[in-house]
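The values are calculated or read from the model by the stated rules, or taken from the named source; none is laboratory data. Bear in mind the structure is a predicted one, so any value in this text is a computation, not a measurement. Virtual Cβ from ideal backbone geometry, glycine too; neighbours counted across all protein chains shown. Note: accessible area is taken over every heavy atom of the protein model, side chains too, but ligands, DNA and RNA are not part of it. Shrake-Rupley method; radii C 1.70, N 1.55, O 1.52, S 1.80 Å.
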Amino acid sequence: MTKLKVTIFLLLIFSNFSINAKSFNEEQLEYRRKKPISIISGVNSISNYYYAPYLGISYNFSGNTELGFIFINSKYKYNYDQKFLPTNQSIYNFQEFDKAFQDSAKIFMNYYLFNSIFFVNATIGYLPSTSYGINLSSIFDSNVIGSGFSYASVELKQLNTYYISPGIGLKVTLENGLFFSITGGPMFLQKNKTELNIETFMTTNSAESNILSNYLLNLPIIKNSNSGIGRNTEAYADIAAGISF
């Protein structure tokens, strides 16, 4: 008898949960139908590239198919704090840098599964060129023969590329139109080539080497080498909030 009571109790709980879940999904579908236009603001995080804010707009057709465009503010330049290393006859200066050369964008489509808050995602986008490197310079004691200034820069640059991306996500909308969403998945890049740039420059105060330094050493030496196609798969996550109307 006790087992029967427990079974009935569990059935009542699960049936009530099922009804509530159905009601919640029906509400979400109705909100998407009544307010099809969404203004989106969030953060786009891509492995090995950047963590950047974005703005977007989307339109939902019949509550289950959403098309949208996102502009990502991915252009940045960051110089890390300089580090100095003094020695007996010189001062060395190290500085790291990290930058992206362009903004980026993507077009996406979300299809909501079974009229719920969960959706599958398909995206076509553009990734800008990014680079990371180190600048090294040194100033030599002017009292030492052959002294002067030297500079070197080593830059590892990822070239720009296009990508396609499947994904999954969820979007919860309130009655007033405010919403929260999260989307993520793999990214398949058209190319993932890396370029290594090395630049050197030197001057001297030695009379014996002035001609050599002025005509040869002062010319930047730039070496470009493609490391070939790297890993063509990355991962991304979008966290966003906004309003629908």
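The one condition from (1) more than 22 Å from residue 184 (Cα to Cα); (2) at pLDDT 90 or above that residue 32 does not meet is (1). A Cβ distance below 7 Å, combined with a sequence gap of six or more or placement on separate chains, defines the contacts here; from region 154-183, residues that are over 24 Å from residue 125 (Cα atoms) reach residues that are open to solvent by 50 Å² or more (accessible area, probe 1.4 Å) and hydrophobic (A, V, I, L, M, F, W, C) in the pairs 154/134; 154/198; 172/180; 177/243; 177/245; 178/243.
Does residue 116 satisfy being touching a helix residue (DSSP H, G or I) at 6+ places or on another chain (Cβ under 8 Å) and at pLDDT 80 or above? Talk me through it step by step, then tell me what you get.
Values: touching a helix residue (DSSP H, G or I) at 6+ places or on another chain (Cβ under 8 Å): yes; at pLDDT 80 or above: yes.
Here the answer is yes, as residue 116 does meet what is asked.
Scanning region 163-204 for residues that are open to solvent by 50 Å² or more (accessible area, probe 1.4 Å), in contact with a Gly (Cβ under 8 Å, 6 or more places away or on another chain) and over 29 Å from residue 117 (Cα atoms) turns up 193, 202. Listed by first and then second residue, the pairs linking a residue in region 97-116 that is open to solvent by 50 Å² or more (accessible area, probe 1.4 Å) to a residue that is assigned to a strand (DSSP E or B) and among the aromatic types (Phe, Trp, Tyr), with Cβ atoms under 6 Å apart and 6 or more places separating them unless they lie on different chains, are 107/69; 111/119. The set of residues in region 49-65 that are surrounded by 13 or more Cβ atoms within 10 Å (Cβ to Cβ), part of a loop (DSSP other than H, G, I, E, B) and either on the phi > 0 side of the Ramachandran plot or modelled with pLDDT of 95 or more (or both) contains only 63.
Selection of first residues in region 186-211 that are farther than 30 Å from residue 150 by Cβ and aliphatic (A, V, I, L, M) and of second residues that are modelled with pLDDT of 75 or more and surrounded by fewer than 15 Cβ atoms within 10 Å (Cβ to Cβ), restricted to Cβ pairs under 6 Å at least 6 apart or on distinct chains, gives the following pairs, ordered by first then second residue: 189/232.
In summary, residue 145 fulfils each of the numbered conditions (1) open to solvent by 70 Å² or more (accessible area, probe 1.4 Å); (2) in a strand (DSSP E or B); (3) modelled with pLDDT under 80; (4) touching an Asp or Glu at 6+ places or on another chain (Cβ under 9 Å) with the single exception of condition (2).
Results for (1) at pLDDT below 75; (2) within 30 Å of residue 32 (Cα to Cα); (3) within 16 Å of the chain's Cα centre (by Cα); (4) outside any loop (DSSP other than H, G, I, E, B), shown as yes or no for each residue.
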position: 69; (1), (2), (3), (4): no, yes, no, yes
position: 78; (1), (2), (3), (4): yes, no, yes, yes
position: 81; (1), (2), (3), (4): yes, no, no, no
position: 91; (1), (2), (3), (4): yes, no, no, yes
position: 96; (1), (2), (3), (4): no, no, no, yes
position: 99; (1), (2), (3), (4): no, no, yes, yes
position: 106; (1), (2), (3), (4): no, yes, yes, yes
position: 110; (1), (2), (3), (4): no, yes, no, yes
position: 120; (1), (2), (3), (4): no, yes, no, yes
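Residues being outside any helix (DSSP H, G or I), among the β-branched types (Val, Ile, Thr) and closer than 30 Å to residue 98 by Cβ are represented in region 29-43 by at least one member.
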